[in-house]
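What follows is a single structure, written as structure tokens, with notes after it.
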Amino acid sequence: TCALPISKGMPVEMTREEKIAAGLEQAPAGMKLVNGCLAAMSAEERVAAGQATIDDIAAETRALRDEMLAETDRFMLPDFPLENGERELVKEYRESLRHLPERDGFPFVEVPGLDMKKIKEIAHEGD
């Protein structure tokens with residue numbers, strides 16, 4: 001657990017989590033208390049709590065998608081050291097990012113990450 005118990009009869013500084021649990025402080029925006037620890041709220045929880053609108057979540061999801069596309073631009077350069085199988089997997093990944101807003105449940109969807117180690121393993125299966 002994150003929060004330390006308060007010792008009985010001894011003056012102990014309360015942790016932030018303890019203060020939130022005791023109602024002395026509010027959790028920061030986008031955070032909640034889970035098992036005595038601060039944890040990020042899901043997008044759905046943020047909307048339900050009035051901390052974000054669906055449009056806010058859609059904009060955040062698109063921004064993250066755009067960031068992932070920008071980070072993988074270099075992999076598409078002809079002189080980037082990828083083999084054809086690896087390059088095809090990266091192309092498929094980028095295509096899935098481009099179509100993210102069309103997925104059922106958007107904007108409450110997971111933005112996939114790119115694991116280059118996994119890409120290399122998949123591309124070299126059967127070698």
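Each value in this text was obtained by applying a stated rule to the coordinates, not by laboratory testing. In this text, all values refer to a predicted model and were calculated from it rather than measured experimentally. Using ideal geometry, Cβ is built from the backbone for each residue, glycine included, and neighbour counts are taken over all protein chains shown.
Model label points for Glu102 and Ala48, set 7 angstrom from Cα along the Cα-to-Cβ axis, are 3.1 nm apart.
Computed over neighbours whose Cβ is under 9 Å from that of Ala52, the net charge equals -2, Lys and Arg +1, Asp and Glu -1. Taking a point 7 angstrom from the Cα of Ala70 along the C-beta vector, which residues in the range 89-113 have backbone N less than 16 Å away? Counting backbone N atoms under 16 Å from the label point, the list is 98.
Residues within the reach of a label modelled at Val111 (point 7 angstrom out along Cα to beta-carbon, backbone nitrogen below 14 Å), restricted to the range 22-45, are 43.
When we measure straight from the Cα of Lys117, which aspartates and glutamates land under 12 angstrom away, once same-chain ones fewer than 8 places off are left out? Here the aspartates and glutamates satisfying the reach criterion relative to Lys117 are Glu86.
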